[in-house]
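Comments concern the structure below.
Each value in this text was obtained by applying a stated rule to the coordinates, not by laboratory testing. Note that the structure is a prediction, hence the values are computed from the model and not measured. Cβ sites come from the backbone with ideal geometry, for glycine too, and all protein chains shown count toward neighbours.
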Amino acid sequence: MNDQQTRAAEGARLLPAITGLFVGVLVLSNVLAAKMVQIGPFVFDGGTLLFPLSYIFGDVLTEVYGYKASRKVIWTGLAMLIIMSLNIWLIGILPAEPSWGLQGAYDSLLAVVPRIALASVLGYFAGEYSNSVVLSRLKVLTEGRHLWLRTIGSTLVGQLFDTLIFVGVAFAGLYEAPVILAMILSNYLFKCGIEAAFTPITYRVVAFVKRRDGLDAFDRGERYNPLPNGA
C-alpha cells in the first residue's frame, strides 16, 4: 500500500460504521415491507418508513468518500439482501419441529420477503446507482456548493427508478392496478419528502463526517462503472 492509499484508509475511519448502518437499514426495511400500511389516502409497505434512511446514508457516502466507495457499499448491501433471502427460503422449506405450529404464519409473512428482496435488489441497484451518479456529477459541476441541490436532486431521480421497479416487481399480481398506482405515488412522494425534510440533518452529518475523517471527494474524470471492481 502506497502513502496515498494509507492516508485514504486512515482517513475513512467512519466508513465501516456508516456501511454497517446502511446495510442494516436496507435489510430491515425489506423485512418490514411484508406488511402493507395505510395512513389516510397513502398506501405503502412498512419498509417505506425506514428505507429513505438508506438513501441518506448513500448521499453521505458519495458526498464524503466518493463514487467508488459508495459503489462498494451498495454491492455489499445487495449481497446481504441475497443472503437474507436465501436463508428465509431455506428455513421455510426445512421441516418444522412437530410442536411448533407457526409454519403457516411464517409462510404468510416471510414467504413474500424473497420476492420483495429481489424487487429491492433490482430497484435499489437502479435507484442508488443513478442517485450516486447524479449527486457525484452535480458536486463536480457546482464545485461542492449547494449540497441541498445534490441530495434532493439525486433523490428525485433515484427514487423514481427505485419506486417504479420495486413496486412493480414486488406487488404486481398481488394487488389491483389502482392500489399499485397508489403505492407508487405514495412511496415516491413519501421518500422524496423524507429526503427533503431531513436535509438539515444531512448537512450536519456530512459536515461531521468530513471534519472527522478529513475527506471531501470530488469524482473528476470518474467513468461511473457500476461493477464492484470496475475502473
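Can you quote the Å³ per residue value for the convex hull of the Cα atoms in the range 108-175, rounded to an integer?
On the way: hull volume 5.3 nm³, N = 68.
Spelled out: Cα convex hull of the range 108-175, divided by residues, is 79 Å³.
So what is the relative contact order of the range 72-141, in percent, for Cα pairs below 8 Å that sit 6 or more residues apart? Each step should come with its number before you reach the end.
On the way: 23 pairs, mean separation 29.0, N = 70.
Result for the range 72-141 is 41 percent.
If R₀ is 45 angstrom, what is the calculated FRET efficiency for the pair A105 and E222, using the beta carbon separation as r and rounding to 0.05?
0.40
Which of the listed residues, Y175, P41, Y224, is farthest toward the dipole's positive end in the chain, when Lys, Arg count +1 and Asp, Glu count -1 at the beta-carbon?
Checked the options; the winner is Y224.
Once the other residues with Cβ under 11 Å from the Cβ of A207 are scored (Lys, Arg +1; Asp, Glu -1), what is the net sum?
Result for the local shell: +2.
On a 0 to 90 degree scale, rounded to 10, what angle separates helix 147-171 from the longest Cα axis of the chain?
That works out to roughly 20 degrees.
Given the Cα atoms of the range 1-156, and with Rh set as the inverse mean 1/r over their pairs in the Kirkwood sense, what is Rg to Rh to two decimals?
1.08
Within the chain, count lysine pairs with alpha carbon atoms under 22 angstrom apart where the residues are 8 or more positions apart or belong to different chains.
7
For the chain, what relative contact order do you get, as a whole percent, if you take Cα pairs closer than 8 Å and at least 6 residues apart?
Relative CO of the chain lands at 27 percent.
Using only Cα atoms, tell me the angle between helix 177-197 and the longest principal axis of the chain; keep it within 0 to 90° and round to the nearest 10.
Compared with the principal axis, the helix lies near 30 degrees.
Using helices alone, I'd like the mean residue ellipticity at 222 nm for the chain: each DSSP H run of four-plus residues gives -39500 (n - 2.57), total over residue count, nearest 500.
Roughly -23500 deg cm²/dmol at 222 nm, from the helical runs in the chain.
What does the charge dipole of the chain about its Cα centre add up to, to the nearest 20 debye, if the Cβ of each Lys and Arg holds +1 and the Cβ of each Asp and Glu holds -1?
620 debye
For each of S132, S29, count neighbouring Cβ atoms within 10 Å of the residue's Cβ, then give the residues from fewest to most.
S29, S132
Mind listing P(r) for the range 116-231? All alpha-carbon pairs, 10 Å bins, whole percents.
Bin by bin from 0 Å, the calculated values are 13, 36, 33, 14, 3, 0.
Describe numerically, in nm with one decimal, the distance between label points set 7 Å from Cα along Cα→Cβ at L156 and at I83.
Those two pseudo-labels are separated by 3.8 nm.
If I build a Gaussian network model for the chain, linking alpha-carbon pairs within less than 10 angstrom, which residue out of V31, V167, V140 has the largest mean-square fluctuation?
Residue with maximal mean-square fluctuation among V31, V167, V140: V140.
Given DSSP loops and a limit of at most 11 other Cβ atoms within 10 Å, what is the longest stretch of the chain that contains no such GluC sites (Glu not before Pro)?
Values: sites that count: E143, E176.
Answer from the scan: 1-142.
Which trypsin sites (Lys or Arg not before Pro) in the range 114-211 pass both tests, a DSSP loop state and at most 13 other beta-carbon atoms within 10 Å?
Filter output for the range 114-211: R145.
Bin all alpha-carbon pair distances of the range 150-208 at 5 Å intervals from 0 and give each bin's fraction as a whole percent.
For the range 150-208, the binned pair fractions read 4, 19, 23, 19, 13, 10, 7, 4, 1, 0 percent.
Would you please name the chymotrypsin sites (Phe, Trp or Tyr not before Pro) within the range 89-143 that are DSSP coil residues with at most 11 other C-beta atoms within 10 Å of their C-beta?
Passing sites in the range 89-143 are W100.
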